[in-house]
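The values are calculated or read from the model by the stated rules, or taken from the named source; none is laboratory data. Since the model is a prediction, treat every value here as computed from it, not as a measurement. A quick note on method: Cβ atoms are made from the backbone with ideal geometry, for glycine too, and the neighbour counts reach across all protein chains shown.
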Amino acid sequence: MTAMAEVTERKAQKNRKRRAAASTAPPSTSPPATGPPERLPYLLDLYPVESSTQTRLTPFFEALQRGRFTTTRCRKDGKLLWPPRVVCPICHTAELEWVDLPSTGRIYAFSAILAGAPVGQEGDLPRVVGLVEMDGSPLRLFGRLLGIDWRECRIGLPVRVEPITLPDGRTFYAFRVIR
């Protein structure tokens, strides 16, 4: 028997033992569910944590609350980093500085989300998301597009960064179409 066949046979034996143990487990003693199902919290939190006890990127969120859109740049190699980082992925230094980004750009690509929202956000459909080419910057950033119906959205439309306050008090950004 080859080494690979031996490994496969050992795994099969373990699986047979697990199935046998599971089939002899006592039945569940929990009472049957009654009444309406409990509403669960968001299963997928699309927004990052912001507290300084949870992240070292707090300066990004604090600047956003003050209306500034920032990111980090490596002091060694000058690389502009998005999303903001605490270590440069190129030279691995922690010598980063916070810099302001442009607050305007143009839609580079977009898509409409018509169905399939995360739990708790079903009423927020349809929504438009897009890739925005930031003015005077090499960055293209992804985000929600506000102020436009999905049927009217077009590549090249001008947008500006808009801080949004989430129901739990956190701040994030979206792009508002400039008309």
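How many of the residues in the range 48-61 are under 17 Å from LEU166 (Cα atoms), surrounded by fewer than 15 Cβ atoms within 10 Å (Cβ to Cβ) and of a type outside the set (Val, Ile, Thr)?
So the count comes out to 2.
Results for (1) touching an Asp or Glu at 6+ places or on another chain (Cβ under 8 Å); (2) hydrophobic (A, V, I, L, M, F, W, C); (3) surrounded by 16 or more Cβ atoms within 10 Å (Cβ to Cβ), shown as yes or no for each residue.
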site: LEU80; (1), (2), (3): no, yes, no
site: GLU97; (1), (2), (3): no, no, no
site: GLY130; (1), (2), (3): no, no, yes
site: GLU133; (1), (2), (3): no, no, yes
site: PRO138; (1), (2), (3): no, no, no
site: PHE142; (1), (2), (3): no, yes, no
site: LEU146; (1), (2), (3): yes, yes, no
site: ILE155; (1), (2), (3): no, yes, no
site: PRO158; (1), (2), (3): no, no, no
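Mind listing whichever residues of the range 62-78 are surrounded by fewer than 16 Cβ atoms within 10 Å (Cβ to Cβ) and of a type outside the set (Lys, Arg)?
Those that are surrounded by fewer than 16 Cβ atoms within 10 Å (Cβ to Cβ) and of a type outside the set (Lys, Arg): GLU62, GLN65, GLY67, ASP77, GLY78.
Could you check the range 149-168 and list, in sequence order, the residues that are of a type in the set (Val, Ile, Thr) and assigned to a strand (DSSP E or B)?
Of everything in the range 149-168, those that are of a type in the set (Val, Ile, Thr) and assigned to a strand (DSSP E or B) turn out to be VAL159, VAL161, ILE164, THR165.
Could you please tell me which pairs satisfy a Cβ distance under 7 Å, a separation of 6+ or placement on different chains, a first residue in the range 109-131 that is more than 24 Å from LEU157 (Cβ to Cβ), and a second residue that is among the hydroxyl-bearing types (Ser, Thr, Tyr) and in a strand (DSSP E or B)?
none
If a residue must be loosely packed, with under 14 Cβ neighbours inside 10 Å and either under 28 Å from CYS153 (Cα atoms) or out of contact with any Asp or Glu (no Cβ under 7 Å at 6 or more places or on another chain) (or both), how many such residues does the range 82-95 contain?
Residues flagged as loosely packed, with under 14 Cβ neighbours inside 10 Å and either under 28 Å from CYS153 (Cα atoms) or out of contact with any Asp or Glu (no Cβ under 7 Å at 6 or more places or on another chain) (or both) within the range 82-95 amount to 7.
LEU145 versus (1) modelled with pLDDT of 95 or more; (2) more than 21 Å from the chain's Cα centre (by Cα): which is the lone unmet condition?
Condition not satisfied by LEU145: (2).
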